[in-house]
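What follows is one structure encoded as structure tokens, with my remarks underneath.
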Amino acid sequence: MKLSAYLSPSRHGIYYFRWPLPTNPGRKRHTLKLSLKTRCPHKAGDLARHLASCGKVIEGHTELAKLNRAELRPKVKAYFEGQLEHYLGRLNLNDPMQETLDALEAEVLRHEELLKERSTDDFRLYVEKFKVNAGISDHDWGESQPLATSELRRGRLNLVREILEAVERINEPFLGQPTESVSQSPQDASSPLGVAVEEFTADQARRLPDKTVKQNRAYLGILLEYFGPERLLGSITKQDASKVKQVLHDLPSNRKVKTALKGLPLMEAIKVPGQAKISDKTIDSHIQMFAAFFQWAETHGHAPHRLFEGMKLGKRAKKNEIKRKPFTPEQVQRILTELTENTSGLVRSESHKWGMLLALFTGARLNEICQLHIADVRQEDGIWFLDITDEGDDDKKLKTEAGRRKVPVHSELIRLGFLEFVQSRSMGKRMFPDYNLNINGGYGRSLGRWCNERFLPELGIKEPGVVFHCFRHTIVTRLSQADVPEPIVQCIVGHARSGVTREVYMREGYKLGQLKTAIDTFRVT
């Protein structure tokens, strides 16, 4: 039995109906995906043929084709869902046995959604019975969330899947031929590259900063240029992936802005002689993104396989590799003297002065400092702290979730007049309103350039590996040398903590007083 071209199974065996959305000539075509909530290929094929006949009715609908995708998709999906429900009713498929199987298949889908969300919803988990049988107290159960719920859900999910697979094996003799003999090519079980890239990017946009999503989209643009947006993922082979890797080796750097390359198609641009190529590190960044994309596509039912895994070039030994390093005590003293006394006249802005001092005494990231609001300087139990968060402004971003933290204000900052500086700007919203938002550099672009291109060179301490980011290296190094425990250092600078104890039982983190004691161990002299 050959499956309908409009059918594709997920990696868990659930069949989906795919149908191209109405569109006008010349516009990009998108695809609707609708779960048929069945693992039986015969039932799925019957439903797909019926829905395909219904789809012919709207295929050339000119009014629908005029709608944008956000308006069009829900209308078409609602149409097909209505047709599917009506057809199932006519076929009288809701007998007790089928009802039970449908309920189990629906349960599988629900558990998969809740696992992705790391939800503590106890849907069909029978938690109370499990706690009694396992001898787990309510307190221990609550302390282990969401890890405990996720593990119990995986067990329940595997059980339901095994039941469904057992029923399918029992029913095989009555279906005319075994499931294994169903003929389906990889192309039938995959999506067009353009559709998958669009959905992957939308998925990333819900979790990652705009800058990261934009960069990843640019990497995937190479695949779109090389294969074309209509190429089915199932038709892309390992040999194709190897050819893409070779293209990356020949890819000119900054080809979108260079006069000799601007506007040239990919395969023509790589043939232009005399152009500098992208670095090995950039090649690996592309390959890493391609592998992540195909892994996502396989997981979400867009592709039958994964590609580009294990194809990175890897690190090469570099004789003159430049690494960032902490400032020496002498350099720190010179920086502090210039910022507070301005002996060379370099510091012409209060924002430059206090932005640098915050970096020196907190180790916070450049953008974390420059996007601070006045309201982010707060007091709790008599301790002043910076509330580093992405709340209060759509343009505020955090590099990672671990970056959301409270950083006590160092006693030296208070002595130097930081609280008075904050009070002087209390009529506004942002602490550094003269730092404008840059789409690539965030709010920190101006301060970072001034520090790296003017301040450090003029002080005579600019050398390879010495940049603004070295303030973070400095605080981490000096606190560690003062015997501050690593987990506390991680909390102060916003590094992710690892291990079950810290991830499960220490989610609340350290007390502000503990962090204050730790950060005050940092001394300039």
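The values are calculated or read from the model by the stated rules, or taken from the named source; none is laboratory data. Just so we're clear, the structure is a prediction, and the values are computed from it rather than from any experiment. Positions of Cβ are generated from backbone atoms using ideal geometry, with glycine treated the same way; all protein chains shown enter the neighbour counts.
Descriptive notes on the structure:
- In segment 229-257, the residues that are free of Cβ contacts under 8 Å to residues at least 40 places away in the same chain, surrounded by 16 or more Cβ atoms within 10 Å (Cβ to Cβ) and outside any helix (DSSP H, G or I): ARG231, LEU251, PRO252, ARG255
- Filter pass, THR517 being modelled with pLDDT under 90, in a helix (DSSP H, G or I), on the phi < 0 side of the Ramachandran plot and not charged (D, E, K, R): no
- The single condition among (1) at pLDDT 95 or above; (2) closer than 18 Å to GLN333 by Cα that LEU459 does not meet is (1).
- Filter result for the condition that a residue is assigned to a helix (DSSP H, G or I), touching a helix residue (DSSP H, G or I) at 6+ places or on another chain (Cβ under 7 Å) and within 20 Å of VAL272 (Cα to Cα), over TYR226, TYR219: TYR226
- For ALA260: the one exception among (1) of a type in the set (Gly, Ala, Ser); (2) in a helix (DSSP H, G or I); (3) free of Cβ contacts under 8 Å to residues at least 40 places away in the same chain: (2)
- Taken over segment 109-133, the criterion of being aliphatic (A, V, I, L, M) and in contact (Cβ under 8 Å) with a residue 24 or more places away in the chain is satisfied by LEU109, LEU114, LEU115, LEU125, VAL127.
- Matching entry among VAL407, VAL466 (being hydrophobic (A, V, I, L, M, F, W, C) and assigned to a strand (DSSP E or B)): VAL407
- Checking the stated criteria, LYS353 turns out to be closer than 20 Å to GLY448 by Cβ, free of Cβ contacts under 8 Å to residues at least 60 places away in the same chain and in a helix (DSSP H, G or I).
- When TYR435 is tested against the conditions (1) in contact (Cβ under 8 Å) with a residue 60 or more places away in the chain; (2) not in a loop (DSSP other than H, G, I, E, B), the lone failure is (2).
Residues checked against (1) of a type in the set (Asp, Glu); (2) within 27 Å of the chain's Cα centre (by Cα); (3) on the phi > 0 side of the Ramachandran plot:
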position	(1), (2), (3)
TRP384	no, no, no
LYS406	no, yes, no
GLU412	yes, no, no
PHE418	no, no, no
ASP434	yes, no, no
GLY444	no, yes, no
ARG449	no, no, no
PHE455	no, no, no
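- Some residue of segment 490-499 being on the phi > 0 side of the Ramachandran plot and modelled with pLDDT under 95: yes
- Applying the criterion of being surrounded by 14 or more Cβ atoms within 10 Å (Cβ to Cβ) and among the small types (Gly, Ala, Ser) to the residues of segment 141-163, the residue that is farthest from GLY13 (Cα to Cα) is SER144.
- The residue that is surrounded by the fewest Cβ atoms within 10 Å (Cβ to Cβ), counting only those in segment 365-404 that are part of a loop (DSSP other than H, G, I, E, B) and of a type in the set (S, T, N, Q), is THR400.
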